[in-house]
Amino acid sequence: MANKRKTTQLDQQIDENLRRVYADAAQEPVPDRFAKLLEQLRARGDEEQPKPSEDQL
Amino acid sequence: MKTDTETHPDPRDELVTHLPAMRAFATSLTRNAAAADDLVQDAVVKAWSNFDKFQPGTNLRAWLFTILRNTYYSLYRKRRREVEDPDGKMAGQLSEKPAHDGHLAMADFRVAFTKLTDEQREVLILIGAEGFSYEEAAVMCGCAVGTVKSRTNRARKRLAELMHIDDEDQLEMTDAATMAVVMGKPAA
């Protein structure tokens, strides 16, 4: 019983740490390459109708 | 069926807001920053060409994460064995950025985390960090809810072991100290 409760407490603490590590990682600025990538994907989508053969990435 | 832009925002516009989380999730899986960004890029490209299959109004992050983890398991896991360092790099990188208090304990935690299996890291991020339900995570991982639960439990247990707080009797005696270690805070 007591052990079970403490394990749960421990789980919560682990999750707390996980969230902290994860939040740190998610706070990093997103590199420019992703803005460029989205731009490319949008541009490609806009001219999708003419021909879908453009495969340069 | 077209995306109903009247009621739901275009997921193509929303995608950008999920990039930081996708990168964090990818980093947890690959344990390597460069590989993580390649993985996110592949997942974004894949998502983009599949947006017609996305159900407007459903959880976009869950959908993106599913694509990301599928991409990881189909492409990156294999590739990584050939190329990469395992434990060291990510742990080293991460511990360069200590939390203000108790950074040693946090560094331990980060190192221990990188030693878990791919599946263990995955469920801990989905359940523990992102807060998805067991049911949601099961759908995302393509496995049974029970599998996700037992995987999560084993992952937590393993983390505790790696951080040398495996013995429950000991845990009872050193509760405050344990709490301090796990919380990354001073005991007082």
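The values are calculated or read from the model by the stated rules, or taken from the named source; none is laboratory data. Because the structure is a prediction, the values reported are computed rather than measured. Every residue, glycine among them, receives a Cβ derived from its backbone with ideal geometry; neighbour counts consider all protein chains shown.
The table below lists the values:
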| item | result |
| --- | --- |
| Of all residues making up the range B:111-120, the number that are charged (D, E, K, R) and surrounded by 20 or more Cβ atoms within 10 Å (Cβ to Cβ) | 0 |
| Residue check for B:Ala47: facing chain A (nearest Cβ under 9 Å) and either at pLDDT 95 or above or not in a loop (DSSP other than H, G, I, E, B) (or both) | no |
| The one condition in (1) modelled with pLDDT of 95 or more; (2) crowded, with 16+ Cβ neighbours inside 10 Å that B:Asn32 fails to fulfil | (1) |
| Pairs where the first residue, in the range B:48-76, is more than 14 Å from B:Pro9 (Cα to Cα) and of a type outside the set (A, V, I, L, M) and the second is part of a loop (DSSP other than H, G, I, E, B) and modelled with pLDDT of 95 or more, C-beta under 7 Å, 6+ apart | B:Trp63/B:Phe54 |
